[in-house]
Each structure stands twice: as structure tokens, then as C-alpha cells.
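These notes concern the structure reproduced below.
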Amino acid sequence: MNHSLHLTINGTAHEIVLDDPRVTLLDLLRERLDLTGTKKGCDRGQCGACTILVDGRRVVSCLSLALSFDGADILTIEGLARDGELHPVQAAFIAHDGFQCGYCTPGQIMSAVGLISEGQAEGDVERVREGMSGNLCRCGAYAGITEAVIEAHGAMTQADREKAA
Ligand code: FES
Ligand code: FES
């Protein structure tokens with residue numbers, strides 16, 4: 001039996017037909033829509049590599065059944081840069097070496113965008129670390145990641161922060 005689903009992904013409306021109700025948002029993005037920027041790490045909600053924003057909120061897409069999100073507005077790493085310009089969080093990750101191998105980076109960046117939008121990234125290192133604690137980095141690039149989140153928060157206006165996600 002087929003199931004239809006309407007999603008807006010990175011500003012584009014999609015009408016999707018699923019033949020399996022168990023498809024996760026992560027697999028839908030990666031395997032059916034070729035949006036492979038969102039990474040699969042653990043596939044069980046423990047690493048944060050698959051973090052995306054759904055209606056502005058951070059979601060681990062590996063634990064999210066796509067059919068549960070009919071009508072949702074989804075932002076992935078592919079939709080973050082606008083008009084050829086990196087999002088301030090992306091630029092800050094580069095400036096602060098917030099990555100090594102880069103596998104966790106899309107999830108880290110999407111989580112950081114969500115954190116800033118939630119108003120939880122105001123300059124306090126411990127608060128940022130706590131807010132980003134669901135995103136693991138096997139390379140241990142945590143110092144640069146934290147610095148990048150704090151710098152991006154400072155570089156963005158309040159209006160930018162609120163609409164970031
Ligand atoms: S792949 Fe989703 S949390 Fe690890
Ligand atoms: S940069 Fe390698 S896992 Fe984070």
C-alpha cells in the first residue's frame with residue numbers, strides 16, 4: 001500500500017509516495033531524495049550526525065518516521081547557504097576549525113543553528129556545550145565547535161537568530 005506525504009524541504013515543496021510506512025526521514029532524505037549531506041552515524045538516536053531542523057526544531061532524523069511529518073518544513077545542511085553565501089554558522093565552523101574528518105559536521109552545524117534559534121547559545125561556554133551535547137564528534141573537535149557556535153551567535157543579529165532555522 002502506498003502512502004503519500006507532503007514536505008517542504010529547503011524551501012521546495014515535495015509530494016512523495018512511500019511504499020513502506022517505516023521509512024525514516026533520514027533514509028528518505030539520503031536514499032530517495034539524494035540529499036546525502038545529512039549523515040547516518042549510529043542510526044539509533046545516539047550520535048546526532050543525522051540532525052536536521054523540522055519546523056525550526058532540532059530532530060534526529062534516524063528516529064523519525066517520515067509519515068509522521070506530513071506537512072512539515074524541513075531544513076537540511078544543503079539548504080543553509082543562501083545566494084552562494086555560507087550561513088554564519090558554517091563560516092564560523094571553518095574559521096574555528098570546528099571539524100576534522102567532517103562526518104559529524106552537518107549534524108553539528110544544524111544543531112548549532114537550532115540552538116542559536118532557541119536562544120540557548122549566548123556566550124556561555126558550558127551552556128553551549130550542554131546544548132550541543134547530543135552531537136558526538138569522534139575526532140574530538142569540541143573546542144573549535146564550541147568557539148564556532150559562540151562566534152556565530154555573536155555575529156548574528158537577533159532577527160537573524162530567530163529566523164535562522
Ligand atoms: S544517526 Fe541519528 S542519532 Fe546517530
Ligand atoms: S569531525 Fe570527525 S567525527 Fe567530528
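The values are calculated or read from the model by the stated rules, or taken from the named source; none is laboratory data. Predicted model only: the values in this text are computed from it and were never measured. Don't worry about glycine lacking a Cβ; one is built from the backbone with ideal geometry, like all the others, and counts go over all protein chains shown. Only protein heavy atoms, including side chains, enter the accessible area calculation; ligands, DNA and RNA are left aside. Shrake-Rupley method; radii C 1.70, N 1.55, O 1.52, S 1.80 Å.
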How much area per residue is accessible in the chain when the probe is 1.4 Å and only protein heavy atoms are counted (Å²)?
51
Per residue of the stretch 69-75, what does 6.51 cos²θ - 1.76 cosθ + 1.60 with θ = phi - 60° give for ³J(HN,Hα)? Whole Hz please, x for Gly and Pro, Karplus curve as stated.
10, 3, x, 6, 10, 10, 10
Using just the C-alpha positions of the stretch 34-73 as equal point scatterers, what log10 of I(q)/I(0) does the Debye formula give at each q in 0.23 1/Å?
-0.77
Show me 93-101, 78-86 ranked by packing, highest mean number of other Cβ atoms within 10 Å first.
93-101, 78-86
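For the chain, which whole-number percentage of the solvent-accessible area (1.4 Å probe, protein heavy atoms only) is attributable to carbon and sulfur atoms? Spell out each step's value before the answer.
Working: 3970 of 8460 Å².
Whole-percent figure for carbon plus sulfur exposure: 47.
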For the stretch 2-51, give the magnitude of the charge dipole about the Cα centre (Cβ charges: +1 Lys/Arg, -1 Asp/Glu; no others), in debye to the nearest 20.
240
Per-q log10 I(q)/I(0), the chain, q = 0.08, 0.09, 0.15, 0.16 Å⁻¹ (Debye; single scatterer per alpha-carbon; no solvent)
-0.22, -0.28, -0.76, -0.86
Can you give me the long-range amide H partners of I9? Hydrogens built in the peptide plane at 1.01 Å from N, cutoff under 5 Å, separation of 5 or more residues or another chain.
H14, I74
Ignoring everything except DSSP H segments at least 4 long, calculate the 222 nm mean residue ellipticity for the chain; use -39,500 (n - 2.57) per segment, divide by total residues, nearest 500.
-8500 deg cm²/dmol
Name the long-range amide H neighbours of T24: under 5 Å, sequence gap of 5 or more, or other chain; modelled H, no Pro or chain starts.
A66
Using the beta-carbon distance between C139 and L86 and R0 = 25 Å, what value does 1/(1 + (r/R0)^6) give for FRET efficiency, to the nearest 0.05?
0.75
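Could you compute how fast the stretch 3-79 diffuses translationally, taking Rh as the Kirkwood radius over C-alpha pairs and applying Stokes-Einstein at 10 °C with viscosity 1.306 mPa s? Give it in µm² per second. Please report the intermediate quantities before stating the final value.
Details: Rh = 12.1 Å.
Value of D from the Cα-based Kirkwood radius: 131 µm²/s.
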Return the whole-Å distance between the Cα centroid of the stretch 76-137 and the Cα centroid of the stretch 1-55.
20
Using a basic spin-label model with each label point 7 Å from the Cα along Cα→Cβ, how many nm lie between E31 and A95?
4.0
If I fit a long axis through the Cα atoms of helix 142-155 and take the longest principal axis of the Cα atoms of the chain, what angle between them do I get, 0 to 90°, rounded to 10?
90
Name the residue from V59, L75, L5 whose Cα lies farthest towards the positive end of the charge dipole of the stretch 3-79, charges +1 on Cβ of Lys and Arg and -1 on Cβ of Asp and Glu.
V59
Counting Lys and Arg as +1 and Asp and Glu as -1, what is the net charge of the other residues whose Cβ lies under 10 Å from the Cβ of L63?
0
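Which of the GluC sites (Glu not before Pro) found in the stretch 89-135 are in a DSSP loop and have at most 14 neighbouring Cβ atoms, other than their own, within 10 Å?
Working: sites: E118, E122, E126, E130; in loops: E118, E122.
Listed in order of number, the matching sites are E122.
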